[in-house]
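Engineer: Before anything else, here's the structure in question.
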Amino acid sequence: MLGKQIASPIVSARDNARIKGEWGSYETDDEGNESSDLLLIENGILKNYLVDELGSRRMNMKPTGCCRRQDYSYNPTSRMSNTYICAGESTRDEIIANTEYGLYCTQMGGGSVDTSTGDFNFAANEAYMIRNGKIAEPVRGATLIGKGQEILKNIDMVGNDLELSAGMCGSVSGNVPVTVGQPTIRVSSILVGGRDAE
């Protein structure tokens, strides 16, 4: 997969454990390797994986300093740190003005991802309709549904307003602090589920 187009050419993404002061930052991973600023996707091309010591032997690749765990009662494994889609060139206002009909999500809620298939669903806790390039009425109960690998290819505008947010990531190696982020992005096509208004 390395070197293959997996996203729109306007999408780049990083996992940077070395950002000073961010929740997911660290200097040395739980295998003793120095953390890194890793370019994952560049202009839609997959450039790197998160690789721990075991993965490095299996894949004949250098470890990337991403092996983490909650505490010593867990076995360490490759984990994200500060992971984000890089800022693009469009302003938020340009993205909205260039959208004839869409859903503008300002706050996402809980959801799930099937890592074996890429299928996901996430609740939109705060969302508004976009009509004729303007934000219109609020929407309640919307859920975004899709496959990660398809959505990455459907991104057709990327904002210059990158924002990061702290959180926790749970996995087989426990819960670890992370930061996630993205600018405003426009996805040309996505399935939106919902419920009838009460």
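Engineer: With respect to residue 10, is the statement that it is assigned to a loop (DSSP other than H, G, I, E, B), modelled with pLDDT of 95 or more and either farther than 19 Å from residue 153 by Cα or more than 19 Å from the chain's Cα centre (by Cα) (or both) true?
Structural biologist: no
Engineer: Still on this model: List every residue pair whose Cβ atoms sit under 7 Å apart, with the two residues 6 or more apart in sequence or on different chains, where the first one lies in region 27-49 and is farther than 17 Å from residue 88 by Cα and the second, anywhere, is at pLDDT below 95.
Structural biologist: 46/1
Engineer: Could you list, in sequence order, the residues of region 15-34 that are crowded, with 21+ Cβ neighbours inside 10 Å and either within 14 Å of residue 178 (Cα to Cα) or within 14 Å of the chain's Cα centre (by Cα) (or both)?
Structural biologist: Hits for region 15-34 are 15, 17, 24, 29.
Residue by residue, here is whether (1) part of a loop (DSSP other than H, G, I, E, B); (2) closer than 30 Å to residue 140 by Cβ holds:
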{"site": "15", "(1), (2)": "no, no"}
{"site": "38", "(1), (2)": "no, no"}
{"site": "48", "(1), (2)": "yes, no"}
{"site": "56", "(1), (2)": "no, no"}
{"site": "63", "(1), (2)": "yes, no"}
{"site": "88", "(1), (2)": "yes, yes"}
{"site": "95", "(1), (2)": "no, yes"}
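Engineer: Still on this structure: Out of the residues in region 97-121 meeting the condition of being assigned to a strand (DSSP E or B), modelled with pLDDT of 95 or more and of a type in the set (A, V, I, L, M, F, W, C), tell me which one is farthest from the chain's Cα centre (by Cα).
Structural biologist: 103
Engineer: So, one more: Only one of 141, 133, 146 is in contact with a Gly (Cβ under 8 Å, 6 or more places away or on another chain) and surrounded by 13 or more Cβ atoms within 10 Å (Cβ to Cβ). Can you tell me which?
Structural biologist: From the options 141, 133, 146, the qualifying one is 141.
Engineer: Here is a follow-up. Would you be able to say whether some residue in region 122-129 is crowded, with 19+ Cβ neighbours inside 10 Å and under 30 Å from residue 50 (Cβ atoms)?
Structural biologist: Within region 122-129, one or more residues are crowded, with 19+ Cβ neighbours inside 10 Å and under 30 Å from residue 50 (Cβ atoms).
Engineer: Name, by its number, the condition in (1) in contact with a strand residue (DSSP E or B) (Cβ under 9 Å, 6 or more places away or on another chain); (2) surrounded by fewer than 18 Cβ atoms within 10 Å (Cβ to Cβ); (3) over 30 Å from residue 188 (Cβ atoms) that does not hold for residue 62.
Structural biologist: (1)
Engineer: Of the conditions (1) surrounded by fewer than 17 Cβ atoms within 10 Å (Cβ to Cβ); (2) of a type in the set (D, E, K, R); (3) at pLDDT 95 or above, residue 153 clears all except one; give me its number.
Structural biologist: (1)
Engineer: Okay, moving on. Is there a residue being farther than 22 Å from residue 180 by Cα, hydroxyl-bearing (Ser, Thr, Tyr) and either within 19 Å of the chain's Cα centre (by Cα) or surrounded by 14 or more Cβ atoms within 10 Å (Cβ to Cβ) (or both) anywhere in region 79-89?
Structural biologist: No: region 79-89 contains no residue that is farther than 22 Å from residue 180 by Cα, hydroxyl-bearing (Ser, Thr, Tyr) and either within 19 Å of the chain's Cα centre (by Cα) or surrounded by 14 or more Cβ atoms within 10 Å (Cβ to Cβ) (or both).
Engineer: Could you list all residues from region 164-198 that are in contact with a helix residue (DSSP H, G or I) (Cβ under 7 Å, 6 or more places away or on another chain) and assigned to a strand (DSSP E or B)?
Structural biologist: Result: 186, 187.
Engineer: With the checklist (1) at pLDDT below 95; (2) surrounded by 15 or more Cβ atoms within 10 Å (Cβ to Cβ) in hand, flag the one item residue 198 doesn't pass.
Structural biologist: For residue 198, the failing item is (2).
The values are calculated or read from the model by the stated rules, or taken from the named source; none is laboratory data. Here the structure is a predicted model, which means the values were calculated and not measured. Note that each Cβ is placed from the backbone with ideal geometry, even for glycine, and that neighbours are counted across all protein chains shown.
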